[in-house]
Amino acid sequence: MKLVSFDSGRIGIVIDGRVVDVSDLASVEPGSWPPVGMVRFVADFPSLRPLLQEAIRTRASRALEEVPLEAPVQWPNKIIAFPANYHAHIDEMKQGAGSGVISKFKASGQGFFLKANSSLSGPADSIVLPPLAGREIHHECELGIVIGKRGRGIAPEDSRDYVFGFTCLLDMVVRGKEERVMRKSYDTFCPTGPWITTADEIDDFDNISMRLFVNGEERQSAVTRDLIVSIPDMLAMASAVMTLEPGDIIATGTPAGVGPVKEGDVVEIVIDGVGSMKLPVTRGTVGDHPVWNEDKTGLAV
Ligand code: MN
């Protein structure tokens, strides 16, 4: 099943290019704040499923292209992100650093970080670059995992029970030596969508292929089999530290091929069996600050 958020917090099921509105079944009030409807919907999904199947059979629908899509999960409890989770990407970052400062840095030994929930944007939104002179802002193509039920201390072999589904995710970042959370948390720096594909549609979590294109040219390509920390181990590591909640998002890490984007570019992410989306890149007017101009020479990262 493919689930969308649309039209100020409505929830829909995408079927054959059309959207069936099921907001009422989940007691979701469109337009209410905070927009937590999808979080509740995910938590209640097992009990809602028969009603959803009936809704697909009996309800009127709208054409997908006429529906204003939003970030599928708009107000999660947290976004957990795994850095340095493909070997080839670690190699290219080492070359960029020039000094081996991150040579010991990989997700299996370093763990994860958090990205601000407010950086989430959706499939109809632009990526808005802050006006930072001389800074590169990079795309990172990633598979997003949506957590389905609460859990702490999840064993890798039980992890599949906690995966609700998958979504396309871009982990946008200002390259530099400032705190990573700040560099990765500008508004629109976490595009997700176009929907959540539920986990039952994905046979093999280790064989999910993804590609990223900038202006039609392929820049990144990967398959989850090459992850350093696998999907089961990501859930185990994250839930060793914190309680995972329905609607939580895990950004699984980017493969090699990251690079800068600029105003006017179009970034496309394609994940086989999950979905795809094309996002324009624009330049905003807000976002500069003297912190970006401080001399960080010699600062360890
Ligand atoms: Mn990343």
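The values are calculated or read from the model by the stated rules, or taken from the named source; none is laboratory data. Bear in mind that the values here come from a model prediction, so they are computed numbers and not experimental data. Don't worry about glycine lacking a Cβ; one is built from the backbone with ideal geometry, like all the others, and counts go over all protein chains shown. Keep in mind that these areas ignore ligands, DNA and RNA; they rest on the heavy atoms of the full protein, side chains included. Shrake-Rupley method; radii C 1.70, N 1.55, O 1.52, S 1.80 Å.
Some notes on this structure:
- Between residue 65 and residue 272, residue separation times 0.36 nm minus the direct Cα-Cα distance comes to 72.5 nm.
- Using C-alpha pairs below 8 Å separated by at least 6 residues, the relative contact order for the chain is 24 percent.
- Cα centroids of the range 106-131 and the range 257-301: 10 Å apart.
- Relative pair counts by distance (%), Cα atoms of the range 2-70, 10 Å bins: 22, 57, 21, 0
- Pair-distance distribution of the chain: all C-alpha pairs, bin width 20 Å, starting at 0; shares per bin in whole percent are 35, 58, 8, 0.
- Cα extents for the range 2-150 along the principal axes, largest to smallest and rounded to whole angstrom: 62, 35, 30.
- Distance between modelled label sites at residue 53 and residue 124, nm, 7 Å Cα→Cβ extension: 3.1 nm
- What separates the Cα centres of the range 59-75 and the range 198-233 is a distance of 24 Å.
- Solvent exposure of the range 78-218, expressed per residue, is 40 Å² of accessible area, with all protein chains present and a 1.4 angstrom probe.
- Column: log10 I(q)/I(0), Debye, Cα scatterers of the range 203-301, q = 0.11, 0.16, 0.18 Å⁻¹: -0.54, -0.98, -1.07
- For the chain, the longest principal axis of the Cα atoms and the long axis of helix 231-241 meet at an angle of about 80 degrees.
- Within the accessible surface of the range 134-246, defined with a 1.4 Å probe on protein heavy atoms only, the carbon and sulfur portion equals 43 percent.
- Helices in the chain, meaning DSSP H runs of at least 4 residues, each add -39500 (n - 2.57). Divided by all residues, the mean residue ellipticity at 222 nm is -5000 deg cm²/dmol.
- Sites matching trypsin sites (Lys or Arg not before Pro) across the range 81-185 that sit in DSSP coil, with at most 12 neighbouring C-beta atoms within 10 Å: 104, 152
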